[in-house]
Amino acid sequence: MINLNRIGNKLGLAGAVGVLLAIGMVANQMVTESAVYEVNELAAVQQGVADNVLAAEVSVRQMQLAGRNIRLQRTPAEVEKTAAEMRKFKVIEEKQIDAALAVSKNPVNIERLHKIKALMENYAAGIEDLAKVQSEMFLMTDKRIEISAEWESVFAAQLQSPALAELANRGDVEKLLHQADSKVNGLRAAAWRFAATGDESQRQVIVRSSAVLKEGLESIRRFDDEKAFHDGIDALVSIVTQFTAANDAIVKLDDSRAEIIKDRTAIFVNQAVELIEAQVAFVQANAKASKVRAVAETAQANRINFGLAIVVMIAIIGSVMFSFFGIARPMTRLNGALGQMAGGNLDIVIPGADRGDEIGDLAKTVAVIRENAELKAREEAEAKVKQDQVAAKQRKADMVKLADNFESAV
(Lines give C-alpha, C1' and ligand atoms only; values in the text may rest on other atoms or scores of the structure.)
Protein backbone atom coordinates (compact mmCIF):
# COMPACT_ATOMS: atom_id res chain seq x y z
CA MET A 1 0.00 0.00 0.00
CA ILE A 2 1.47 3.32 -1.04
CA ASN A 3 1.81 5.87 1.76
CA LEU A 4 0.64 9.15 0.25
CA ASN A 5 1.98 11.05 3.28
CA ARG A 6 5.51 10.79 1.91
CA ILE A 7 6.91 13.54 -0.27
CA GLY A 8 8.61 11.12 -2.64
CA ASN A 9 5.39 9.20 -3.15
CA LYS A 10 3.47 12.41 -3.72
CA LEU A 11 5.99 13.67 -6.26
CA GLY A 12 6.15 10.26 -7.91
CA LEU A 13 2.35 10.07 -8.11
CA ALA A 14 2.17 13.58 -9.54
CA GLY A 15 4.83 12.67 -12.11
CA ALA A 16 3.05 9.44 -12.97
CA VAL A 17 -0.25 11.32 -13.43
CA GLY A 18 1.51 13.84 -15.68
CA VAL A 19 3.10 11.05 -17.73
CA LEU A 20 -0.23 9.24 -18.04
CA LEU A 21 -1.96 12.43 -19.12
CA ALA A 22 0.75 13.13 -21.68
CA ILE A 23 0.48 9.56 -22.96
CA GLY A 24 -3.30 10.00 -23.11
CA MET A 25 -2.94 13.19 -25.13
CA VAL A 26 -0.50 11.57 -27.55
CA ALA A 27 -2.65 8.44 -27.84
CA ASN A 28 -5.78 10.50 -28.40
CA GLN A 29 -4.00 12.54 -31.06
CA MET A 30 -2.72 9.40 -32.79
CA VAL A 31 -6.12 7.70 -32.69
CA THR A 32 -7.82 10.84 -33.94
CA GLU A 33 -5.31 11.33 -36.74
CA SER A 34 -5.77 7.70 -37.76
CA ALA A 35 -9.56 8.03 -37.71
CA VAL A 36 -9.47 11.32 -39.60
CA TYR A 37 -7.05 9.83 -42.13
CA GLU A 38 -9.36 6.87 -42.69
CA VAL A 39 -12.38 9.14 -43.02
CA ASN A 40 -10.55 11.45 -45.42
CA GLU A 41 -9.38 8.46 -47.43
CA LEU A 42 -12.97 7.23 -47.60
CA ALA A 43 -14.13 10.68 -48.66
CA ALA A 44 -11.40 10.78 -51.32
CA VAL A 45 -12.48 7.36 -52.59
CA GLN A 46 -16.10 8.45 -52.72
CA GLN A 47 -15.13 11.64 -54.54
CA GLY A 48 -13.00 9.61 -56.95
CA VAL A 49 -15.96 7.33 -57.66
CA ALA A 50 -18.17 10.38 -58.18
CA ASP A 51 -15.65 11.95 -60.57
CA ASN A 52 -15.31 8.76 -62.61
CA VAL A 53 -19.07 8.25 -62.74
CA LEU A 54 -19.62 11.85 -63.78
CA ALA A 55 -17.03 11.41 -66.52
CA ALA A 56 -18.78 8.17 -67.52
CA GLU A 57 -22.05 10.07 -67.70
CA VAL A 58 -20.46 12.45 -70.22
CA SER A 59 -19.32 9.46 -72.27
CA VAL A 60 -22.80 7.95 -72.03
CA ARG A 61 -24.28 11.21 -73.31
CA GLN A 62 -21.78 11.15 -76.17
CA MET A 63 -22.80 7.58 -76.98
CA GLN A 64 -26.45 8.60 -76.85
CA LEU A 65 -25.77 11.53 -79.16
CA ALA A 66 -23.93 9.26 -81.59
CA GLY A 67 -26.88 6.85 -81.51
CA ARG A 68 -29.24 9.68 -82.40
CA ASN A 69 -26.94 10.93 -85.14
CA ILE A 70 -26.97 7.51 -86.79
CA ARG A 71 -30.67 8.00 -87.54
CA LEU A 72 -29.90 11.36 -89.15
CA GLN A 73 -27.15 10.21 -91.49
CA ARG A 74 -27.82 9.83 -95.19
CA THR A 75 -25.12 7.42 -96.38
CA PRO A 76 -23.71 4.12 -95.11
CA ALA A 77 -20.28 5.76 -94.81
CA GLU A 78 -21.68 8.44 -92.50
CA VAL A 79 -23.46 5.76 -90.48
CA GLU A 80 -20.23 3.79 -90.06
CA LYS A 81 -18.32 6.92 -89.07
CA THR A 82 -20.90 7.77 -86.41
CA ALA A 83 -20.91 4.15 -85.17
CA ALA A 84 -17.11 4.33 -84.85
CA GLU A 85 -17.49 7.46 -82.69
CA MET A 86 -19.97 5.59 -80.52
CA ARG A 87 -17.48 2.73 -80.11
CA LYS A 88 -14.77 5.19 -79.10
CA PHE A 89 -16.93 6.70 -76.39
CA LYS A 90 -17.98 3.21 -75.29
CA VAL A 91 -14.32 2.31 -74.66
CA ILE A 92 -13.86 5.53 -72.66
CA GLU A 93 -17.05 4.88 -70.69
CA GLU A 94 -15.93 1.32 -69.82
CA LYS A 95 -12.54 2.58 -68.60
CA GLN A 96 -14.22 5.18 -66.40
CA ILE A 97 -16.64 2.64 -64.92
CA ASP A 98 -13.76 0.19 -64.36
CA ALA A 99 -11.79 2.96 -62.63
CA ALA A 100 -14.76 3.59 -60.33
CA LEU A 101 -15.07 -0.15 -59.65
CA ALA A 102 -11.37 -0.40 -58.82
CA VAL A 103 -11.71 1.94 -55.83
CA SER A 104 -15.26 1.09 -54.76
CA LYS A 105 -15.71 -1.02 -51.64
CA ASN A 106 -19.38 -0.47 -50.94
CA PRO A 107 -21.43 -3.44 -52.27
CA VAL A 108 -24.23 -1.10 -53.31
CA ASN A 109 -21.79 0.96 -55.40
CA ILE A 110 -20.26 -2.11 -56.99
CA GLU A 111 -23.63 -3.62 -57.90
CA ARG A 112 -24.87 -0.33 -59.36
CA LEU A 113 -21.69 0.21 -61.40
CA HIS A 114 -21.83 -3.32 -62.83
CA LYS A 115 -25.44 -2.73 -63.80
CA ILE A 116 -24.56 0.56 -65.51
CA LYS A 117 -21.80 -1.20 -67.44
CA ALA A 118 -24.14 -4.01 -68.52
CA LEU A 119 -26.83 -1.54 -69.62
CA MET A 120 -24.36 0.42 -71.73
CA GLU A 121 -23.08 -2.81 -73.31
CA ASN A 122 -26.66 -3.63 -74.28
CA TYR A 123 -27.14 -0.09 -75.52
CA ALA A 124 -23.97 -0.28 -77.64
CA ALA A 125 -25.10 -3.62 -79.10
CA GLY A 126 -28.45 -2.03 -79.96
CA ILE A 127 -26.73 0.92 -81.63
CA GLU A 128 -24.58 -1.48 -83.66
CA ASP A 129 -27.72 -3.25 -84.87
CA LEU A 130 -29.36 0.11 -85.52
CA ALA A 131 -26.38 1.12 -87.66
CA LYS A 132 -26.70 -2.12 -89.66
CA VAL A 133 -30.41 -1.57 -90.19
CA GLN A 134 -29.81 2.04 -91.15
CA SER A 135 -27.17 1.04 -93.71
CA GLU A 136 -29.48 -1.65 -95.12
CA MET A 137 -32.22 0.94 -95.42
CA PHE A 138 -29.90 3.19 -97.42
CA LEU A 139 -28.98 0.30 -99.71
CA MET A 140 -32.61 -0.68 -100.14
CA THR A 141 -33.56 2.97 -100.75
CA ASP A 142 -30.90 3.18 -103.44
CA LYS A 143 -32.30 0.00 -104.95
CA ARG A 144 -35.77 1.48 -104.90
CA ILE A 145 -34.44 4.58 -106.65
CA GLU A 146 -32.86 2.35 -109.33
CA ILE A 147 -36.13 0.51 -109.74
CA SER A 148 -37.95 3.82 -110.07
CA ALA A 149 -35.47 4.96 -112.72
CA GLU A 150 -35.95 1.64 -114.50
CA TRP A 151 -39.70 2.29 -114.59
CA GLU A 152 -39.15 5.56 -116.38
CA SER A 153 -36.90 3.90 -118.93
CA VAL A 154 -39.21 0.95 -119.56
CA PHE A 155 -42.27 3.23 -119.57
CA ALA A 156 -40.72 5.51 -122.20
CA ALA A 157 -39.72 2.48 -124.28
CA GLN A 158 -43.22 1.10 -124.04
CA LEU A 159 -44.72 4.35 -125.32
CA GLN A 160 -42.34 4.20 -128.30
CA SER A 161 -42.77 0.49 -128.95
CA PRO A 162 -44.03 -0.70 -132.40
CA ALA A 163 -46.49 -2.99 -130.67
CA LEU A 164 -48.26 0.00 -129.16
CA ALA A 165 -48.16 1.90 -132.43
CA GLU A 166 -49.97 -0.95 -134.23
CA LEU A 167 -52.86 -1.06 -131.78
CA ALA A 168 -56.18 0.16 -133.07
CA ASN A 169 -57.07 1.66 -129.70
CA ARG A 170 -53.64 3.12 -129.10
CA GLY A 171 -55.04 6.32 -127.60
CA ASP A 172 -56.92 4.44 -124.89
CA VAL A 173 -53.84 2.35 -124.05
CA GLU A 174 -51.59 5.41 -123.87
CA LYS A 175 -54.11 7.07 -121.60
CA LEU A 176 -54.11 4.08 -119.29
CA LEU A 177 -50.33 3.94 -119.37
CA HIS A 178 -50.09 7.58 -118.34
CA GLN A 179 -52.58 6.89 -115.56
CA ALA A 180 -50.34 4.02 -114.43
CA ASP A 181 -47.36 6.37 -114.53
CA SER A 182 -49.26 8.87 -112.36
CA LYS A 183 -50.03 6.09 -109.90
CA VAL A 184 -46.36 5.16 -109.83
CA ASN A 185 -45.51 8.78 -109.07
CA GLY A 186 -48.13 8.74 -106.29
CA LEU A 187 -46.62 5.49 -105.02
CA ARG A 188 -43.19 7.11 -104.95
CA ALA A 189 -44.52 10.17 -103.13
CA ALA A 190 -46.25 7.99 -100.52
CA ALA A 191 -43.07 5.97 -100.04
CA TRP A 192 -40.96 9.09 -99.51
CA ARG A 193 -43.57 10.66 -97.29
CA PHE A 194 -43.66 7.56 -95.12
CA ALA A 195 -39.85 7.47 -94.93
CA ALA A 196 -39.72 11.16 -93.96
CA THR A 197 -42.59 11.31 -91.47
CA GLY A 198 -43.30 7.72 -90.43
CA ASP A 199 -47.00 8.36 -91.05
CA GLU A 200 -48.72 4.98 -90.81
CA SER A 201 -51.51 6.08 -93.15
CA GLN A 202 -48.96 6.28 -95.98
CA ARG A 203 -48.25 2.60 -95.57
CA GLN A 204 -51.86 1.81 -96.42
CA VAL A 205 -51.69 4.23 -99.34
CA ILE A 206 -48.67 2.35 -100.69
CA VAL A 207 -50.44 -1.01 -100.37
CA ARG A 208 -53.60 0.22 -102.08
CA SER A 209 -51.71 2.08 -104.80
CA SER A 210 -49.64 -0.99 -105.59
CA ALA A 211 -52.70 -3.19 -105.89
CA VAL A 212 -54.56 -0.66 -108.07
CA LEU A 213 -51.47 -0.17 -110.24
CA LYS A 214 -51.09 -3.88 -110.88
CA GLU A 215 -54.79 -4.22 -111.72
CA GLY A 216 -54.51 -1.30 -114.12
CA LEU A 217 -51.52 -2.81 -115.89
CA GLU A 218 -53.32 -6.15 -116.13
CA SER A 219 -56.28 -4.39 -117.76
CA ILE A 220 -53.90 -2.76 -120.28
CA ARG A 221 -52.41 -6.17 -121.01
CA ARG A 222 -55.78 -7.45 -122.15
CA PHE A 223 -56.01 -4.89 -124.95
CA ASP A 224 -53.84 -7.02 -127.28
CA ASP A 225 -52.57 -10.56 -127.56
CA GLU A 226 -49.23 -9.69 -129.12
CA LYS A 227 -46.30 -11.21 -127.25
CA ALA A 228 -44.14 -8.09 -127.61
CA PHE A 229 -46.95 -5.99 -126.14
CA HIS A 230 -47.42 -8.46 -123.29
CA ASP A 231 -43.68 -8.51 -122.60
CA GLY A 232 -43.64 -4.70 -122.29
CA ILE A 233 -46.59 -4.68 -119.90
CA ASP A 234 -45.10 -7.60 -117.93
CA ALA A 235 -41.87 -5.63 -117.58
CA LEU A 236 -43.83 -2.74 -116.10
CA VAL A 237 -45.67 -5.09 -113.73
CA SER A 238 -42.33 -6.62 -112.69
CA ILE A 239 -40.94 -3.17 -111.94
CA VAL A 240 -43.98 -2.34 -109.82
CA THR A 241 -43.57 -5.66 -108.00
CA GLN A 242 -39.89 -4.99 -107.39
CA PHE A 243 -40.63 -1.45 -106.22
CA THR A 244 -43.30 -2.70 -103.86
CA ALA A 245 -40.99 -5.44 -102.55
CA ALA A 246 -38.19 -2.94 -102.01
CA ASN A 247 -40.57 -0.58 -100.27
CA ASP A 248 -41.89 -3.41 -98.08
CA ALA A 249 -38.32 -4.26 -97.14
CA ILE A 250 -37.70 -0.61 -96.23
CA VAL A 251 -40.88 -0.59 -94.15
CA LYS A 252 -39.76 -3.75 -92.31
CA LEU A 253 -36.33 -2.25 -91.73
CA ASP A 254 -37.99 0.89 -90.42
CA ASP A 255 -40.08 -1.23 -88.07
CA SER A 256 -36.92 -2.98 -86.92
CA ARG A 257 -35.25 0.37 -86.41
CA ALA A 258 -38.19 1.64 -84.36
CA GLU A 259 -38.16 -1.55 -82.30
CA ILE A 260 -34.41 -1.25 -81.67
CA ILE A 261 -34.77 2.39 -80.65
CA LYS A 262 -37.65 1.63 -78.31
CA ASP A 263 -36.64 -1.70 -76.77
CA ARG A 264 -32.86 -1.88 -77.13
CA THR A 265 -31.45 1.63 -76.95
CA ALA A 266 -33.65 4.24 -75.33
CA ILE A 267 -34.72 2.03 -72.44
CA PHE A 268 -31.12 0.99 -71.65
CA VAL A 269 -29.58 4.43 -71.85
CA ASN A 270 -32.39 5.97 -69.78
CA GLN A 271 -31.93 3.34 -67.08
CA ALA A 272 -28.16 3.83 -67.18
CA VAL A 273 -28.52 7.60 -66.82
CA GLU A 274 -30.89 7.15 -63.88
CA LEU A 275 -28.43 4.79 -62.19
CA ILE A 276 -25.55 7.17 -62.87
CA GLU A 277 -27.46 10.06 -61.31
CA ALA A 278 -28.37 7.88 -58.33
CA GLN A 279 -24.75 6.75 -58.03
CA VAL A 280 -23.40 10.29 -58.14
CA ALA A 281 -25.92 11.45 -55.54
CA PHE A 282 -25.11 8.46 -53.33
CA VAL A 283 -21.32 8.83 -53.37
CA GLN A 284 -21.47 12.61 -53.06
CA ALA A 285 -23.71 12.25 -50.01
CA ASN A 286 -21.29 9.69 -48.55
CA ALA A 287 -18.32 11.94 -49.28
CA LYS A 288 -20.08 14.84 -47.59
CA ALA A 289 -20.94 12.65 -44.60
CA SER A 290 -17.31 11.50 -44.41
CA LYS A 291 -16.08 15.08 -44.38
CA VAL A 292 -18.59 15.96 -41.66
CA ARG A 293 -17.42 12.94 -39.70
CA ALA A 294 -13.79 13.99 -40.09
CA VAL A 295 -14.63 17.44 -38.76
CA ALA A 296 -16.53 15.89 -35.84
CA GLU A 297 -13.63 13.51 -35.06
CA THR A 298 -11.19 16.42 -35.08
CA ALA A 299 -13.44 18.55 -32.86
CA GLN A 300 -13.89 15.66 -30.41
CA ALA A 301 -10.13 15.09 -30.27
CA ASN A 302 -9.55 18.79 -29.68
CA ARG A 303 -12.06 18.77 -26.83
CA ILE A 304 -10.42 15.74 -25.23
CA ASN A 305 -6.94 17.21 -25.61
CA PHE A 306 -8.15 20.52 -24.20
CA GLY A 307 -9.57 18.73 -21.16
CA LEU A 308 -6.38 16.75 -20.68
CA ALA A 309 -4.33 19.92 -21.06
CA ILE A 310 -6.39 21.59 -18.32
CA VAL A 311 -5.81 18.59 -16.03
CA VAL A 312 -2.08 18.72 -16.80
CA MET A 313 -1.98 22.43 -15.99
CA ILE A 314 -3.84 21.82 -12.74
CA ALA A 315 -1.39 19.04 -11.87
CA ILE A 316 1.58 21.28 -12.65
CA ILE A 317 0.14 24.16 -10.61
CA GLY A 318 -0.59 21.73 -7.77
CA SER A 319 2.96 20.42 -7.95
CA VAL A 320 4.39 23.94 -7.85
CA MET A 321 2.20 24.91 -4.90
CA PHE A 322 3.01 21.68 -3.08
CA SER A 323 6.74 22.21 -3.71
CA PHE A 324 6.53 25.74 -2.35
CA PHE A 325 4.19 25.29 0.60
CA GLY A 326 4.90 21.66 1.37
CA ILE A 327 8.65 21.50 0.85
CA ALA A 328 10.41 24.83 0.35
CA ARG A 329 8.72 26.77 3.19
CA PRO A 330 9.03 24.01 5.84
CA MET A 331 12.67 23.46 4.85
CA THR A 332 13.36 27.19 5.20
CA ARG A 333 11.81 27.24 8.69
CA LEU A 334 13.75 24.12 9.67
CA ASN A 335 16.95 25.68 8.38
CA GLY A 336 16.28 28.77 10.52
CA ALA A 337 15.87 26.57 13.58
CA LEU A 338 19.17 24.86 12.80
CA GLY A 339 20.82 28.27 12.53
CA GLN A 340 19.58 29.24 15.99
CA MET A 341 20.80 25.93 17.36
CA ALA A 342 24.18 26.58 15.78
CA GLY A 343 24.20 29.93 17.58
CA GLY A 344 23.75 28.17 20.91
CA ASN A 345 20.03 28.72 21.38
CA LEU A 346 18.76 25.29 22.21
CA ASP A 347 15.57 26.49 23.83
CA ILE A 348 13.55 26.59 20.61
CA VAL A 349 10.65 24.64 19.09
CA ILE A 350 11.69 22.56 16.11
CA PRO A 351 9.12 23.32 13.29
CA GLY A 352 7.63 20.36 11.38
CA ALA A 353 8.33 17.76 14.02
CA ASP A 354 4.65 16.80 13.93
CA ARG A 355 4.73 16.04 10.16
CA GLY A 356 4.68 12.47 8.90
CA ASP A 357 6.80 12.97 5.81
CA GLU A 358 10.52 13.27 5.16
CA ILE A 359 10.60 16.86 6.52
CA GLY A 360 8.95 15.63 9.68
CA ASP A 361 11.57 12.90 9.97
CA LEU A 362 14.30 15.50 9.52
CA ALA A 363 12.67 17.76 12.12
CA LYS A 364 12.45 14.85 14.57
CA THR A 365 16.13 14.12 13.98
CA VAL A 366 16.97 17.76 14.65
CA ALA A 367 14.88 17.60 17.82
CA VAL A 368 16.85 14.54 18.95
CA ILE A 369 20.11 16.37 18.18
CA ARG A 370 18.86 19.34 20.20
CA GLU A 371 17.97 17.09 23.12
CA ASN A 372 21.34 15.41 22.91
CA ALA A 373 23.02 18.79 22.81
CA GLU A 374 21.06 19.93 25.86
CA LEU A 375 21.95 16.73 27.69
CA LYS A 376 25.61 17.11 26.82
CA ALA A 377 25.56 20.75 27.93
CA ARG A 378 24.03 19.78 31.30
CA GLU A 379 26.52 16.97 31.75
CA GLU A 380 29.38 19.30 30.93
CA ALA A 381 28.01 21.90 33.38
CA GLU A 382 27.66 19.29 36.14
CA ALA A 383 31.16 17.97 35.43
CA LYS A 384 32.54 21.48 35.61
CA VAL A 385 30.80 22.10 38.94
CA LYS A 386 32.25 18.91 40.37
CA GLN A 387 35.63 19.77 38.99
CA ASP A 388 35.42 23.22 40.57
CA GLN A 389 34.45 21.66 43.90
CA VAL A 390 37.39 19.23 43.77
CA ALA A 391 39.74 22.06 42.86
CA ALA A 392 38.43 24.17 45.77
CA LYS A 393 38.96 21.29 48.19
CA GLN A 394 42.43 20.75 46.81
CA ARG A 395 43.30 24.39 47.17
CA LYS A 396 41.97 24.37 50.74
CA ALA A 397 44.03 21.29 51.59
CA ASP A 398 47.09 22.88 50.03
CA MET A 399 46.55 26.01 52.12
CA VAL A 400 46.20 23.95 55.31
CA LYS A 401 49.29 22.01 54.47
CA LEU A 402 51.16 25.18 53.70
CA ALA A 403 50.09 26.66 57.01
CA ASP A 404 51.16 23.55 58.87
CA ASN A 405 54.52 23.59 57.17
CA PHE A 406 54.92 27.27 58.01
CA GLU A 407 54.13 26.64 61.70
CA SER A 408 56.56 23.76 61.79
CA ALA A 409 59.22 25.92 60.29
CA VAL A 410 58.61 28.74 62.83
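The values are calculated or read from the model by the stated rules, or taken from the named source; none is laboratory data. What you see is a predicted model; the values in this text were computed from it and never measured. Cβ atoms come from the backbone with ideal geometry, glycine included; neighbour counts cover every protein chain shown. Areas reflect the complete protein model, heavy atoms only, side chains present, ligands, DNA and RNA absent. Shrake-Rupley method; radii C 1.70, N 1.55, O 1.52, S 1.80 Å.
So which of 81/132; 95/291; 132/252 end up more than 18 Å apart by C-alpha? The pairs that break the limit, which is 18 Å between Cα atoms, are 95/291.
When a 1.4 Å probe is rolled over the protein heavy atoms, the share of accessible surface on the chain that falls to carbon and sulfur comes to 60 percent. A simple rule links phi to the HN-Hα coupling: the Karplus curve 6.51 cos²θ - 1.76 cosθ + 1.60 with θ = phi - 60°, which for the range 253-266 gives 5, 5, 5, 5, 4, 5, 5, 4, 4, 6, 9, 10, 10, 4 Hz, with x for Gly and Pro.
Look at [x] 228, 31, 28; [y] 174, 62, 45; [z] 72, 54, 43: the one that is Cα extents along the principal axes in Å derived from this structure is [x]. Couplings 3J(HN,Hα) of the range 170-187, computed from phi: 4, x, 5, 5, 4, 4, 5, 5, 5, 5, 5, 5, 5, 5, 4, 4, x, 5 Hz, in residue order, whole Hz [Karplus 6.51 cos²θ - 1.76 cosθ + 1.60, θ = phi - 60°; x for Gly and Pro]. When each of the peptides 334-343, 213-222, 376-385 is scored by how many other beta carbons lie within 10 Å of its residues on average, the order from highest to lowest is 213-222, 334-343, 376-385. Highest mobility in the GNM of the chain, judged by mean-square fluctuation with C-alpha springs under 10 Å and restricted to 287, 309, 367, is found for 367. If you take the Cα centroid of the range 64-125 and the Cα centroid of the range 156-230, the two points sit 49 Å apart. Of 316, 253, 217, whose Cα points farthest to the positive end of the dipole of the range 161-320 (charges on the beta-carbon: +1 Lys, Arg; -1 Asp, Glu; origin at the Cα centre)? Farthest along the dipole direction, towards plus: 316. Using a 10 angstrom cutoff on alpha carbons, build the Gaussian network for the chain and name the most mobile of 73, 387, 300. Looking only at 73, 387, 300, the biggest GNM fluctuation is shown by 387. 3J(HN,Hα) along the range 395-403: 4, 5, 5, 5, 5, 5, 5, 4, 5 Hz, from the Karplus curve 6.51 cos²θ - 1.76 cosθ + 1.60 with θ = phi - 60°, whole Hz, x for Gly and Pro.
Surface analysis of the range 286-332 yields an accessible area of 67 Å² per residue, using protein heavy atoms and a 1.4 Å probe.
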